[in-house]
Amino acid sequence: MSLLRIQQEVEEYLQKRILELLGGRPEEAGRFTILGSDINEIRHIFYYLRMNRAPVQVQYQLESYSAQVLSVEDTLATLSVPGFEETAFRRIKLRFSMMNTFYQFEVILSRVRGEEVTFQLPFYIQSATRRKYPRHPLQRAYLLFNTVYRPIFGTRGIGQIVEEKHRHLIAELKKDFPDLSLMLRIIADDLVSIAGDYQLQFYKPEQKKSLMETTISGEDKTLFIASTEDINSYIYKPETNLLVAYNREFKTMAAASSEEEAVKYFKELQLAEMRRHVYSYVCAPLHLFGKVIGHIYIETDLIHRKRIFADDAMRVGILADLLSYGMTKTVIARSYFAKPIAEIMNLSMAGVLFRVSSSTIYDYLIDHDLLKLKIPLTNEYLSFRGEITRMFSEGTRYHLALRFVDGADDDYRKLEQFLYADTRMRLRGKSRGPTGPLTELHE
């Protein structure tokens, strides 16, 4: 249990006991202005949410819902939460925006009647973040985005070596639209220098995978067989953690039947590969959005007896990872960076909240949170770079909150002018009288 929750429960318990001593009932706590509490302010906050029909984001265990306030009583408030499913858990988290302030509460459930959820108003404001810049909700506005390259293997050790040794590939990955044909030529030259020949294969959904393909798909690492003449190359793990052999499959077979049967199986595999004159081979997985979709395969033959070493195998794995990153970035560039399909929910001088409809893109951006944006305003694109600060989903809609970290001074000035004009237009519309319920989008 968090310290904040413990403090809240202690305060609520003591307030009830104080009122009992003064002759009041515990459920009447909200009727009084309790010195040192925020009950009146909190009650008026929820009055505001009800009158303006402002959306409230509800998190109940692992589920997220969008809700609205139906009623506010002395110590209770009721939400309309479409699709709400009650469990034994008795707490919910609320998030919403009001008057350019972002509030977060964790409250106790009182009762649930279908989609109507009633909870106890807290005595204290638990989290309120005053925003420096107001959020401007936009309608039918879209943006373009693409990932910004960050060193895949870090900036030290092997990461520094990769950045220096493969600088031509890295230069392509830093572009908005990598040249895959150039990358393939560079990678092909490296592979030929190691083994003389190579294969690049993509898997089909109905295709049955071989043991080699199943191994790299399951372990998501580069398979390395140093010598087909040595059975230990098959059944024992290589020294480095970046490479694998058939050691896991060997242990699984030995546990299911016996070690003798497992050794016999891999000796038959060894004999079959020697009959094909294979001496050493490497198989590195190719990914698209983190999912294995194919592999790069190289081998040497028994005639020339050119052995592939562990450093060569790791080099093949690195080339496969760089190509995988380039393919994934190309897919994003040709979709979300070429077509305005990411919808803007709200915009400010500090950042933007937008949503996408693809869970694949959403999951990929969890680990690739530095983005380049193009926002179409006033018949031109404004370019910014930003970091994802918050992500949440509502059904099949996936929201991403991004904070600007870089942009041209001229673009910031144009954005400020646009938001100022938008504010004036909204205020002018209010002065003529309300035309409908005011809706303030959450962050």
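Scanning for something in contact (Cβ under 8 Å) with a residue 60 or more places away in the chain, over 30 Å from Thr330 (Cα atoms) and of a type in the set (Val, Ile, Thr), does the range 283-304 turn up at least one residue?
Checking the range 283-304: at least one residue is in contact (Cβ under 8 Å) with a residue 60 or more places away in the chain, over 30 Å from Thr330 (Cα atoms) and of a type in the set (Val, Ile, Thr).
Could you list all residues from the range 169-181 that are assigned to a helix (DSSP H, G or I) and in contact (Cβ under 8 Å) with a residue 12 or more places away in the chain?
Residues satisfying the conditions are Leu169, Ile170, Glu172, Leu173, Leu180.
Would you point out the residue of the range 289-321, among those that are aliphatic (A, V, I, L, M), crowded, with 21+ Cβ neighbours inside 10 Å and out of contact with any Pro (no Cβ under 7 Å at 6 or more places or on another chain), that is modelled with the lowest pLDDT?
Among residues in the range 289-321 that are aliphatic (A, V, I, L, M), crowded, with 21+ Cβ neighbours inside 10 Å and out of contact with any Pro (no Cβ under 7 Å at 6 or more places or on another chain), the one modelled with the lowest pLDDT is Ile308.
State all residues of the range 188-203 that are free of Cβ contacts under 8 Å to residues at least 24 places away in the same chain and closer than 17 Å to Leu286 by Cβ; if no residue qualifies, say none.
Answer for the range 188-203, where residues must be free of Cβ contacts under 8 Å to residues at least 24 places away in the same chain and closer than 17 Å to Leu286 by Cβ: just Ala188.
Taking the range 126-138 as the region of interest, how many residues are under 17 Å from Ile92 (Cβ atoms) and among the β-branched types (Val, Ile, Thr)?
Counting residues in the range 126-138 that are under 17 Å from Ile92 (Cβ atoms) and among the β-branched types (Val, Ile, Thr) gives 0.
Please specify each residue of the range 40-96 satisfying the condition of being surrounded by 13 or more Cβ atoms within 10 Å (Cβ to Cβ) and of a type in the set (Ser, Thr, Tyr).
Tyr47, Tyr48, Tyr60, Ser64, Tyr65, Ser66, Ser71, Thr75, Thr78, Ser80
Looking at Val58 and the list (1) touching a Gly at 6+ places or on another chain (Cβ under 9 Å); (2) under 18 Å from Tyr398 (Cα atoms), which single condition is not satisfied?
Just one mismatch for Val58, condition (1).
Restricting to the range 235-264, name every residue that is aliphatic (A, V, I, L, M) and either in a loop (DSSP other than H, G, I, E, B) or not assigned by TED's automatic domain parsing to the domain that holds Tyr281 (or both).
Within the range 235-264, Leu242, Ala245 qualify.
Can you tell me which residue in the range 369-413 is modelled with the lowest pLDDT, limited to those that are of a type in the set (Gly, Ala, Ser) and assigned to a strand (DSSP E or B)?
Checked the range 369-413; the qualifying residue modelled with the lowest pLDDT is Ser393.
What number of residues in the range 199-234 are farther than 20 Å from Leu288 by Cβ and in a strand (DSSP E or B)?
Residues flagged as farther than 20 Å from Leu288 by Cβ and in a strand (DSSP E or B) within the range 199-234 amount to 2.
Taking Arg53 as the residue in question, decide whether it is outside the structural domain of Tyr398 (by TED's automatic domain parsing), in contact (Cβ under 8 Å) with a residue 40 or more places away in the chain and assigned to a loop (DSSP other than H, G, I, E, B).
yes
Return the residues of the range 105-140 that are modelled with pLDDT of 90 or more and under 27 Å from Val352 (Cβ atoms); say none if nothing qualifies.
Once the filter is applied, which keeps residues that are modelled with pLDDT of 90 or more and under 27 Å from Val352 (Cβ atoms), the range 105-140 yields only Phe105.
What single numbered condition from (1) polar (S, T, N, Q); (2) buried (at least 19 other Cβ atoms within 10 Å of the Cβ); (3) free of Cβ contacts under 8 Å to residues at least 12 places away in the same chain fails to hold for Asn232?
(2)
The values are calculated or read from the model by the stated rules, or taken from the named source; none is laboratory data. Everything quoted here is computed from the prediction, not taken from an experiment. All Cβ positions, glycine included, derive from the backbone under ideal geometry; neighbour counts span all protein chains shown.
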